[in-house]
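Accompanying notes for the structure given below.
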Amino acid sequence: MDKNLIQRTISGLVYVAIIILCTTPLGAQLINSVFPDLIQQQYLYHGLISLLLVVGTWECIKIMKFGKGYEKWVVYPLVIFIFYIFSKRYFHHDFFFDFRLSEILALALIAIAVVTLFKFPNELYYDSGKLIFTVIYVALPFSFALGLPKFSSYDHTFSLEVLFLFILIWSSDTFAYLVGKFFGKHKMAPKISPKKTWEGYAGGVVLTLVLSYFIEHYQPELRANWMVVGFLVAAFAPLGDLVESQLKRNFGVKDSGNIIPGHGGVLDRLDSFIICVPVVYLYFILEKFI
């Protein structure tokens, strides 16, 4: 058997296992079965997102090849400061009380960063532009990810929104790839991602909607309508892949890193997650007012 295939399979299974253990109550239950009352699930999830944030920031710094100016040294302080603000809200359950003007601004900044990457890439060749893009592209999505699950310290519950978001993203990517491989003829963005086709995109949307129907039907305790979430994921997950592909293309980089052997770096694996999280978070907020 191909050694690369074995490596990809093992590292992929480990990656999926970590996601499951950190986004469901299983992680805390497993640890507490060995070390009673050691940890609550919300801390495992926060730890996972913190790790992804730190590694993702480092990968973005390497991709964009910062110069010798001060900007490179203030990336982490800014990223950590933003994540700290969101972390305070996370542990105080403050994500579910209101919708703040600062959130609207943060979500708008993510959209502006994406537009800048595609339409005004020359702005990112300056260290100041690299600094702003890195903070927006990495810090804000992972910070908003803290606002997706709900949990209780009293009855040790932890909701499964993030797990099913990952499942929908994985299904969207898989279905789009398979449909595109067998039926794809019309390239979506040949200069950025040659393998993506409009047929694959359509197949990803349809089949992800089918899966989201079953999630909505069998997981009624989840927030919002998961048929809508499924459509948003299927629509925006390919954009996440294109954003990261365009970023690497602009700076002549093949992979963001190698932390996941055979799969690349955190940004390679979570490119769709980075774009889908703000979109789904915005929907969760707006859904409360409908």
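Summed over region 217-251, the residues that are in contact with a strand residue (DSSP E or B) (Cβ under 9 Å, 6 or more places away or on another chain) and within 15 Å of residue 173 (Cα to Cα) give a count of 4.
Conditions (1) at pLDDT 90 or above; (2) within 25 Å of residue 49 (Cα to Cα); (3) within 15 Å of the chain's Cα centre (by Cα), marked per residue:
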{"site": "200", "(1), (2), (3)": "no, no, no"}
{"site": "214", "(1), (2), (3)": "yes, no, no"}
{"site": "232", "(1), (2), (3)": "yes, yes, yes"}
{"site": "241", "(1), (2), (3)": "yes, yes, yes"}
{"site": "254", "(1), (2), (3)": "no, yes, no"}
{"site": "266", "(1), (2), (3)": "yes, yes, yes"}
{"site": "270", "(1), (2), (3)": "yes, yes, yes"}
{"site": "273", "(1), (2), (3)": "yes, yes, yes"}
{"site": "281", "(1), (2), (3)": "yes, yes, yes"}
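Quick one: in region 18-38, of everything that is without any contact (Cβ under 8 Å) to a residue 40 or more places away in the chain and outside any helix (DSSP H, G or I), which residue is surrounded by the most Cβ atoms within 10 Å (Cβ to Cβ)? If we take residues in region 18-38 being without any contact (Cβ under 8 Å) to a residue 40 or more places away in the chain and outside any helix (DSSP H, G or I), then 38 is surrounded by the most Cβ atoms within 10 Å (Cβ to Cβ).
When every residue of region 104-112 is checked against the conditions, at least one turns out to be in contact with a Pro (Cβ under 7 Å, 6 or more places away or on another chain) and either within 26 Å of residue 42 (Cβ to Cβ) or at pLDDT 95 or above (or both). It is to be established whether one or more residues within region 211-218 are of a type in the set (Asp, Glu), under 24 Å from residue 12 (Cβ atoms) and either out of contact with any Pro (no Cβ under 8 Å at 6 or more places or on another chain) or open to solvent by less than 40 Å² (accessible area, probe 1.4 Å) (or both). Among the residues of region 211-218, not one is of a type in the set (Asp, Glu), under 24 Å from residue 12 (Cβ atoms) and either out of contact with any Pro (no Cβ under 8 Å at 6 or more places or on another chain) or open to solvent by less than 40 Å² (accessible area, probe 1.4 Å) (or both), which makes the answer no. Restricting attention to region 48-70, which residues are more than 19 Å from the chain's Cα centre (by Cα), among the aromatic types (Phe, Trp, Tyr) and crowded, with 17+ Cβ neighbours inside 10 Å? Residue satisfying the conditions is 66 alone. The sole residue among 256, 245 that is within 19 Å of residue 136 (Cβ to Cβ) and crowded, with 22+ Cβ neighbours inside 10 Å is 256.
Scanning region 199-210 for residues that are among the hydroxyl-bearing types (Ser, Thr, Tyr) and open to solvent by 50 Å² or more (accessible area, probe 1.4 Å) yields one hit, 201. Scanning region 13-49 for residues that are within 29 Å of residue 86 (Cα to Cα) and among the small types (Gly, Ala, Ser) gives 17, 27, 28, 47. Checked against the criteria, residue 61 counts as in a helix (DSSP H, G or I) and β-branched (Val, Ile, Thr).
Scanning for something at pLDDT below 95, open to solvent by less than 80 Å² (accessible area, probe 1.4 Å) and hydrophobic (A, V, I, L, M, F, W, C), does region 160-168 turn up at least one residue?
no
Applying the set (1) outside any helix (DSSP H, G or I); (2) at pLDDT 95 or above to residue 188 leaves exactly one unmet item: (2).
Elements of the type helices (runs of 4 or more DSSP H) sitting completely within region 193-281 and holding at least 1 residues that are among the polar types (S, T, N, Q) and closer than 14 Å to residue 165 by Cβ: these cover 198-218.
Across region 223-242, the number of residues qualifying as open to solvent by less than 40 Å² (accessible area, probe 1.4 Å), among the hydrophobic types (A, V, I, L, M, F, W, C) and closer than 15 Å to residue 203 by Cβ comes to 4. Restricted to helices (runs of 4 or more DSSP H) entirely inside region 97-185, those with at least 1 residues that are basic (Lys, Arg) and farther than 30 Å from residue 37 by Cα are 101-119, 127-134, 161-183. Would you be able to say whether some residue in region 43-55 is more than 26 Å from residue 123 (Cβ to Cβ), among the aromatic types (Phe, Trp, Tyr) and without any contact (Cβ under 8 Å) to a residue 24 or more places away in the chain? Scanning region 43-55, I find at least one residue that is more than 26 Å from residue 123 (Cβ to Cβ), among the aromatic types (Phe, Trp, Tyr) and without any contact (Cβ under 8 Å) to a residue 24 or more places away in the chain, so the answer is yes. Looking only at residues of region 169-198 that are touching a residue at least 60 places away in the same chain (Cβ under 8 Å) and open to solvent by less than 40 Å² (accessible area, probe 1.4 Å), we find that the one that is nearest to residue 22 (Cα to Cα) is 169.
Across region 71-92, the number of residues qualifying as open to solvent by 30 Å² or more (accessible area, probe 1.4 Å) and touching a residue at least 12 places away in the same chain (Cβ under 8 Å) comes to 7.
The values are calculated or read from the model by the stated rules, or taken from the named source; none is laboratory data. Quick caveat: nothing in here was measured; it's all calculated off a predicted structure. When we count neighbours, we look across all protein chains shown, and the Cβ atoms used for this are built from the backbone with ideal geometry, even at glycine. We work out accessible area using only protein heavy atoms, side chains counted, and drop any ligands, DNA or RNA first. Shrake-Rupley method; radii C 1.70, N 1.55, O 1.52, S 1.80 Å.
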